[in-house]
Structures are given as C-alpha cells and as structure tokens.
Amino acid sequence: MKDKKYAHRLLLQNVSLSYGAMPVLQHLNLTVHSGEFVVIVGPSGCGKTTILNLLSGHIKPGLGVISREGVVRTVYQQDGLFPWLTVSENISMGLRSLKDAVQREKELQSLFDLIHLEDFKNHYPHELSGGMRQRAELARALAGDSDILLMDEPFSALDYQTRLRMRYELVRLLEKRPRTVVFVTHDIEEAAQLADRVLVLSKRPTTILQELQISAPKPRDLTDNEVINAMKEILERLGILKENIV
Amino acid sequence: MASFNAEETLASVKKKQAATYKGNRWRVFVLPVIVFFIIILIWYCLVHFNIFPSYAMPSPGAVVKSFREDIMSGNLLNDMVASLWRVAVGFILSAVLGIPVGLWLGQHITARQAFLPLLNFARFLSPLAWIPFAILWFHIGDKPAVFLIFMATFFPLALAVMSAVATIPAIYFRVAKDYNYKGFELITKVTFPAVLPQIITALRVSYGISWIVIVAAEMVGCQDGLGYGIWEARNGLRLDSAACYMIVIGLLGMGIDRFLLQFSKIPKVRWGYER
Ligand SMILES: Nc1ncnc2c1ncn2[C@@H]1O[C@H](COP(=O)(O)OP(=O)(O)OP(=O)(O)O)[C@@H](O)[C@H]1O
Ligand SMILES: [Mg+2]
C-alpha cells in the first residue's frame, strides 16, 4: 500500500451555494483532517448530498474555496457498481492505476479476502444481495491509490440487521486500509457508532449547528455508553427528544 | 462474515426457476403444434367449401407439391440466398453507421437538437416511398434493395441508440469520473456497455423491418429473391408457389430473430433484461 506522508484532507472555506433563488449553503467552513471519519447528519433537503458533490468536485460553489488533497472516491446509496461488469471486474476498476498485472492480481485477491466475497467473484451485481453489493462497492473504493472516501447514505437501502453488520464491516476495513472519510447519513446510531466527529446541520440555508467529537475507540457497540450519550446529544441538537415534541 | 446464507438463497432461487421452466416446457412445444393443426384445418375447410375461386386459393397439398418443385429447380434456394444477402448487407451497413451516429447524438445535446427533427421526419417516411429514387439511382440488382433496407432501418436504429444513451443513469458517469475513464475509453467502457442491451433490442427490431422491406423491394427492382418469387408467382397465377414463398419468408424471419435473441443471453447484457 502507498505511504501517506502528507496530510490528505478536505477543506471548505466560506462556501456558499444557491440553486436559482434558493440558497442552500451559506458561509460554510469545514476542515477534514487526514484519517478522520466525519459524519454529517441533518434534516432531509438541507444540502448533505450537495456538500459531498462539492467535496468531490462534481459541482462548483457559488462563492468560497474548496481544496482536496488526494484521490477522492464516492460510495453511493445503491447502483454504483457497473451492472455489465462482474464483481471482480468492478473491483479491478479501483486498481486501474497499477501498471503491473501481477501486483494488480495480488491486490484484487487481498481485497476479496477482506470482504469475503470470493464465491461471488464472477457474479454480476444483479445476482448479489444489497449488502453484498455495498461491500463490493466499498472494496472498489478502497482499492489502489484512493485517499478520501465520500459516502452518501451507503447503507440506507439495506435492511436493519445488514446495516448493523455493515457498520462493523466498515470499521474493520478502515482499520486495514485507513482512509479519510466523509459519511452522510440519516441514521443517528450510525453516526454515533462510526464517527470521530459528527456535524449536525441546520435546515436550509444550511449552517453547522454543532460539532461533536466522539473519541471512544472503535469498533463501538450500539449499547456502549459513549454511543448512547452521543446519540442523545445529536437527537437533542436535531430537536427530536420527547420534551420538544410531546 | 455476511456471506452466511447468500449462497443458499441463490441456489434455491435457481432451483425454483428450473422447476417452473421444466413444468412449462412441454406446453411451449405442444400448444403451438395444436394451433398449427387448427390453422391447417381452417385452410383445408376454406379450400373444400370453395369460399374463394380455386385459382386464388391453393390447397395445402398443392403448396407442398410446389414446395418440392421449387426446391428441386433450385429457384427457392437461389432466392433465399439473394434475399438474405441483401438483408445482411443493408442491415450491417445501417448498424455500422447507425450505432455510432446514435452514440454521438446521445452525447451531444447540440447535435441532438440539430438532427432530431430530421431523424423523426425520416423515420415516419415509409421506405417504400423511396422506391422510385432507388430504381432511378441504382437501377436493378442488389443495390436498390440494399438502399431501401438502409433507409428503412438506419433512422429508427440511430434514434433508439440515441435515446438509450440520453437516458443512461448519471451515476455511471460519476463513477467513471472517479475512476478516471475519459474520452474514447469512456465511450467503449461505459457508454457502450451501458446501452448494449437496448442496442441488441434495437437491432432485432431493425432486422424485423429489413425482412419486411426486402420482400416489397424485390417486387420491383430485382430479378431474383423471395419477394421477386412471390411477384413471379402472381404473374403466372401460381398462388401455390406464392404461399410456399410466404411460408419460407416467415420461417426464415423467425429463425434469424431467434438467433439474434441469443445475443440478449450473453452475461454482459443480461442485467439489462432483468429489471
Ligand atoms: N440539481 C439541483 N437543482 C435544483 N435544486 C437542487 C438540485 N440538487 C439539489 N437541489 C436542492 O438543494 C437542496 C439540498 O439538496 P441535497 O440533495 O443536498 O439534500 P440532502 O441533504 O442530501 O437531502 P436528503 O437527506 O433527502 O438526501 C434541496 O432542497 C434540493 O431541492
Ligand atoms: Mg442526499
């Protein structure tokens, strides 16, 4: 694997963006440090996907500066794999920058070892379950020279139990292959179990309501005290506790 | 870790599909055979009760007899080869030009805006309307027929490929960008495979059109071919021979379509038909 000497990171400085007359982001500042796992939560339509699109360079901001150091890859909610390629060919896409075929084969094998999908190497994505597809997509994003992963609700199309498993899976994969991650989710449990830092966003026009550091070691169980406390704090910020509603 | 029961699921699904398939298998063969015999019976009755004058209504027996004659004389085989050749040339020509044009139009909005009205106009123009031009430009022989097939299939094919490209989910191009697919490689490794299932369907449709057009085209511009055979039979009041040619046209058309259908079974495109 490649040696990461410089601090790969993402930087949003005073970024604003509007769609037509509708301001979506206003004066947003965000720094993501190398190796950090940042989770973004916030109400639907507040601009989470928009932030990831800005970070990946897919859209340009109206105002402000964005900088990224390193190779950025996005993991989507679903259907990010190419349906005309087998699982193995899909994952090999992530190894395109490796020139040496032997090394590429070795890398591919080690990725398959990592995600436990050997038996489905030559299957096509439509022959896999949703969870298996997401694991394959994760492997593709982790392959080769990637530095930064942007994940847009990557587990939200999965059933609850698969989702719980995928969280541990992701932690395990990142332990083996550390990356800088920006992870968007609606799932507060997910945020509390995975994040080094949680950003709670406001409604549009969007600003960061609160930043929450969670320093407990990973993997974390859903019932760990730190996780429960973090969930409570996020819910409080989002105004979804009984004293706000009932 | 999570591959716990995935294999079992896949295996059991396949087994179930196989079971349903087996149960339906005999019906797929037997039912059409029953229909076939009913049609023959109706035909026989039409002849027997003299619904149409006998010179205009050949009996099944007469058709079988003329079938034997046409094979013996070598005419039928000769006409089949002639028609197949013209269809093959016209069809390949329109695929070789129509697919790239469709890919190009699908990717460039400006080009699409410029050419879409022309394509739609040409699509609704019956290819038979080109017959006078075909004959005056290319005289007789293979060329006018090939030209007519090209005119009949190029436009619908290019349009089908174009709209397939225009509706490729944006996510594929975003993924492609993440993994550094650019330029020619983007077209061959992303755009083309993404629309291949629809291209195969469009090719089947085009082939169906060419097979229909060839019969009409050969009635005017040719000295051989299956369409010419029917025209000859009409002129000689040999409707038994005409019916025999019709049967051959239908069977050949069906057979080749069956062959083209096999392309939709290759693994790289299966996904496109399973949603
Ligand atoms: N291409 C676009 N054109 C116009 N408006 C857009 C576009 N994309 C997003 N928007 C608007 O910008 C706002 C933010 O969208 P975005 O997709 O970033 O929200 P989100 O936080 O990801 O929502 P969700 O949680 O539902 O995925 C929404 O109000 C949406 O309507
Ligand atoms: Mg979103």
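Quick grid of which residues meet (1) of a type in the set (Ser, Thr, Tyr); (2) within 18 Å of B:Asp142 (Cβ to Cβ); (3) away from chain A (no Cβ under 14 Å); (4) over 12 Å from the mean Cα position of the chain (by Cα):
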| residue | (1), (2), (3), (4) |
| --- | --- |
| B:Thr201 | yes, no, yes, no |
| B:Arg204 | no, no, yes, no |
| B:Gly225 | no, yes, yes, yes |
| B:Cys244 | no, no, yes, yes |
| B:Arg270 | no, no, no, yes |
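Being small (Gly, Ala, Ser) and more than 23 Å from A:Ser156 (Cα to Cα) is the filter; apply it to segment A:101-136 and report the residue that is surrounded by the fewest Cβ atoms within 10 Å (Cβ to Cβ). Looking at the filtered set, the residue picked out is A:Ala101.
Quick grid of which residues meet (1) within 23 Å of A:Arg140 (Cβ to Cβ); (2) at pLDDT below 90:
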| residue | (1), (2) |
| --- | --- |
| A:Thr31 | no, no |
| A:Val41 | no, no |
| A:Thr50 | no, no |
| A:Gly62 | no, yes |
| A:Ile66 | no, no |
| A:Gly80 | yes, no |
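Does A:Asp119 meet the test of being within 12 Å of chain B (Cβ to nearest Cβ) and assigned to a helix (DSSP H, G or I)? Spelling it out, A:Asp119 is indeed within 12 Å of chain B (Cβ to nearest Cβ) and assigned to a helix (DSSP H, G or I). In a residue-by-residue description of segment A:169-181, the property of being among the charged types (D, E, K, R), on the phi > 0 side of the Ramachandran plot and more than 10 Å from chain B (Cβ to nearest Cβ) applies to no position.
Taking segment A:83-94 as the range and being buried (at least 24 other Cβ atoms within 10 Å of the Cβ) and either among the small types (Gly, Ala, Ser) or in contact with a Cys (Cβ under 7 Å, 6 or more places away or on another chain) (or both) as the test, only A:Gly94 passes.
A single entry from A:Leu12, A:Leu52 fulfils the requirement of being surrounded by 18 or more Cβ atoms within 10 Å (Cβ to Cβ), under 24 Å from A:Glu189 (Cα atoms) and in contact (Cβ under 8 Å) with a residue 40 or more places away in the chain: A:Leu52. Within segment B:35-63, the set of residues being without any contact (Cβ under 8 Å) to a residue 24 or more places away in the chain and either within 24 Å of B:Gly255 (Cβ to Cβ) or in contact with a strand residue (DSSP E or B) (Cβ under 7 Å, 6 or more places away or on another chain) (or both) comprises B:Val35, B:Phe36, B:Phe37, B:Ile38, B:Ile39, B:Ile40, B:Trp43, B:Pro60. Here B:Lys65 meets each of (1) over 25 Å from B:Trp211 (Cβ atoms); (2) at pLDDT 90 or above; (3) not assigned by TED's automatic domain parsing to the domain that holds B:Ile256 with one exception, condition (3).
Only one of the listed residues (A:Gly80, A:Gly45, A:Gly70, A:Gly35) is part of a loop (DSSP other than H, G, I, E, B), surrounded by fewer than 17 Cβ atoms within 10 Å (Cβ to Cβ) and away from ligand 1 (no atom under 15 Å from the Cβ). That residue is A:Gly35.
All told, A:Tyr19 meets the bar of being without any contact (Cβ under 8 Å) to a residue 12 or more places away in the chain, within 16 Å of ligand 1 (Cβ to nearest atom) and within 28 Å of A:His186 (Cβ to Cβ). Tell me, please, whether a residue that is more than 14 Å from chain B (Cβ to nearest Cβ) and assigned to a helix (DSSP H, G or I) can be found in segment A:87-101. Checking segment A:87-101: at least one residue is more than 14 Å from chain B (Cβ to nearest Cβ) and assigned to a helix (DSSP H, G or I). Each residue in segment A:27-42 was checked for being under 21 Å from A:Tyr76 (Cβ atoms) and either within 14 Å of ligand 2 (Cβ to nearest atom) or polar (S, T, N, Q) (or both), and 4 of them qualify. Condition check: modelled with pLDDT of 90 or more and among the hydrophobic types (A, V, I, L, M, F, W, C). Does A:Leu201 satisfy that? Yes; evaluated as a whole, the condition is true for this residue. Does segment B:170-187 contain any residue that is in a helix (DSSP H, G or I), in contact (Cβ under 8 Å) with a residue 40 or more places away in the chain and either touching a Leu at 6+ places or on another chain (Cβ under 6 Å) or surrounded by fewer than 20 Cβ atoms within 10 Å (Cβ to Cβ) (or both)? Scanning segment B:170-187 turns up at least one residue that is in a helix (DSSP H, G or I), in contact (Cβ under 8 Å) with a residue 40 or more places away in the chain and either touching a Leu at 6+ places or on another chain (Cβ under 6 Å) or surrounded by fewer than 20 Cβ atoms within 10 Å (Cβ to Cβ) (or both).
Residues in segment A:168-186 that are within 16 Å of ligand 2 (Cβ to nearest atom) and crowded, with 18+ Cβ neighbours inside 10 Å: A:Val182, A:Phe183, A:Val184, A:Thr185. All conditions but one from (1) under 29 Å from A:Asp159 (Cβ atoms); (2) away from ligand 2 (no atom under 16 Å from the Cβ); (3) among the acidic types (Asp, Glu) apply to A:Asp79; the one that does not is (2).
A:Gly131 passes every criterion in (1) under 20 Å from the mean Cα position of the chain (by Cα); (2) within 12 Å of chain B (Cβ to nearest Cβ); (3) over 25 Å from A:Val41 (Cα atoms) apart from (3). Selection of segment B:27-79 for residues being touching a Phe, Trp or Tyr at 6+ places or on another chain (Cβ under 8 Å) and part of a loop (DSSP other than H, G, I, E, B) yields only B:Ser59.
The values are calculated or read from the model by the stated rules, or taken from the named source; none is laboratory data. The model shown is predicted, which means the values in this text are computed figures rather than measured ones. In this analysis, Cβ positions are derived from the backbone assuming ideal geometry, glycine residues included, and neighbour counts consider all displayed protein chains.
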